[in-house]
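What follows is a short report on a single structure.
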Amino acid sequence: MKRFHVHISVPALDDAVRFYSGLFGAGPTVHKPDYAKWMMDDPRVNFAISQRGAAPGLNHLGVQVESDDELHEMQKRLESMDADYVAEPGAACCYARSDKYWAHDPVGIAWETYHTLDTIPMFNDGADEHACCVPAADAKTTRADACCSVSASGKAGRSCC
């Protein structure tokens, strides 16, 4: 079963945690000094916020899947749309290790499809101290090697979220 994912960058994490905990009627399932996440079943959503230097507002949207088969299905959907996408197998992002694909919708909103494999103790496994690693909207790279930021020229970076 798939779960809708929303990630919002916030300027003040504690204020946002209070607000969203009240809105959702529950505290976060993951709470770090710079990050919080609610894994809810009603509505079925993975809602994350972070205070990592990105501009406040929508960071990215996504679909979290529960199996490799579901992730492969999502990859096939991207391919059938002839969508440019970036593959990130084994990415260390947002206190988790995941296999994922990134694409941008027609207006430039980043969409992440991913299967979480495990938790990790440090944001991005300590590789980067900045915001989530949504690939640039102008990245025209498909089936890339594991990376988090890809320039229009296809050069891969190593900052993940």
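What follows is calculated from the coordinates using simple rules that are stated; it is not laboratory data. In this text the structure is predicted, and so the values were computed from the model without any measurement. Positions of Cβ are backbone-derived with ideal geometry, glycine not excepted, and every protein chain shown enters the neighbour counts.
Things to note:
- Each residue of the range 36-43 was assigned a 3J(HN,Hα) from its phi angle through the Karplus curve 6.51 cos²θ - 1.76 cosθ + 1.60 (θ = phi - 60°); the sequence is 8, 9, 10, 9, 10, 9, 9, x Hz, with glycine and proline shown as x.
- The distance between label points at ILE8 and LEU117 comes to 3.1 nm (points 7 Å beyond Cα on the Cα→Cβ vector).
- Remark: the range 55-65, residue by residue, has Karplus-estimated 3J(HN,Hα) of 4, x, x, 4, 8, 6, 10, x, 10, 8, 10 Hz, where x stands for each Gly or Pro and the curve is 6.51 cos²θ - 1.76 cosθ + 1.60 at θ = phi - 60°.
- A full extension of the chain between ASP42 and THR29 corresponds to an added length of 3.3 nm, given 0.36 nm per residue minus the alpha carbon distance.
- Rounded to the nearest Hz, the phi-derived 3J(HN,Hα) couplings of the range 12-24 under the Karplus curve 6.51 cos²θ - 1.76 cosθ + 1.60 (θ = phi - 60°) are 9, 4, 4, 5, 5, 4, 4, 4, 5, 4, x, 4, 8, where x marks glycine and proline.
- Residues whose placed amide H lies under 5 Å from that of VAL63, excluding near-sequence neighbours: HIS5, GLU112, THR113, TYR114
- Note on the range 40-86: Rg/Rh from Cα positions, Kirkwood definition for Rh, rounded to two decimals, is 1.05.
- Summarised in one figure, the compactness ratio Rg/Rh of the range 73-127, Cα atoms and Kirkwood Rh, is 1.04.
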